[in-house]
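What follows is a short report on a single structure.
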Amino acid sequence: MTGGPELFGFPPPGALPDLRWLGPDYVSVLVYDLTQGLLRQDGGTQVMGVRCEGEPDLNATVDTSGVIRAHDACFPLQVFVQDGAGRPWRLRGRWTYSGRDLGSSSASITHFWQLLDAEGV
């Protein structure tokens, strides 16, 4: 992500092969989706940095043939932003992707943010 936010602590994509359903670079996908969600709330928001605070919590469900059909991936994050008024913030929360019916024509991926703490810095 040239010119994008600083990224810290994310396991390399090769270390998490179960996240292939998010594409070859899950970190870029996550930061893009997170940024778009923040911009919907405040169009002047700038994401300055994103820190993954630990290993993501991965929870897969397999069908009877052993193929993963549902997968949740929850990332503990600190997000450093500047709001539209120029104030810096540190947000702590969990970003979750939920993939359902993976490997089928009805596959869907949703995501959501659970804010745990917001602190002006």
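Determine if the stretch 81-102 includes at least one residue that is open to solvent by 50 Å² or more (accessible area, probe 1.4 Å), assigned to a loop (DSSP other than H, G, I, E, B), free of Cβ contacts under 8 Å to residues at least 40 places away in the same chain and not aromatic (F, W, Y). Yes, the stretch 81-102 contains a residue that is open to solvent by 50 Å² or more (accessible area, probe 1.4 Å), assigned to a loop (DSSP other than H, G, I, E, B), free of Cβ contacts under 8 Å to residues at least 40 places away in the same chain and not aromatic (F, W, Y).
Condition test on V29, is it open to solvent by less than 30 Å² (accessible area, probe 1.4 Å) and under 20 Å from G3 (Cβ atoms)?
Numbers: open to solvent by less than 30 Å² (accessible area, probe 1.4 Å): no; under 20 Å from G3 (Cβ atoms): yes.
Judged against the criteria, V29 is not a match.
Which one is most open to solvent (accessible area, probe 1.4 Å), of the residues in the stretch 1-25 that are among the aromatic types (F, W, Y) and at pLDDT 95 or above? Selected residue: F8.
Does the stretch 50-60 contain any residue that is open to solvent by 30 Å² or more (accessible area, probe 1.4 Å), more than 13 Å from the chain's Cα centre (by Cα) and either among the small types (G, A, S) or closer than 16 Å to G103 by Cα (or both)? Break it down stepwise before answering.
First, the residues of the stretch 50-60 that are open to solvent by 30 Å² or more (accessible area, probe 1.4 Å): 51, 53, 55, 57-60.
This time we only want the ones that are more than 13 Å from the chain's Cα centre (by Cα), so: 59-60.
Those still in the list that are either among the small types (G, A, S) or closer than 16 Å to G103 by Cα (or both) too: 60.
Yes, the conditions are met somewhere in the stretch 50-60.
In a residue-by-residue description of the stretch 33-45, the property of being touching a strand residue (DSSP E or B) at 6+ places or on another chain (Cβ under 9 Å), within 21 Å of A15 (Cβ to Cβ) and part of a helix (DSSP H, G or I) applies to at least one position.
The values are calculated or read from the model by the stated rules, or taken from the named source; none is laboratory data. Computed from a predicted structure; not experimentally measured. Note that each Cβ is placed from the backbone with ideal geometry, even for glycine, and that neighbours are counted across all protein chains shown. Note: accessible area is taken over every heavy atom of the protein model, side chains too, but ligands, DNA and RNA are not part of it. Shrake-Rupley method; radii C 1.70, N 1.55, O 1.52, S 1.80 Å.
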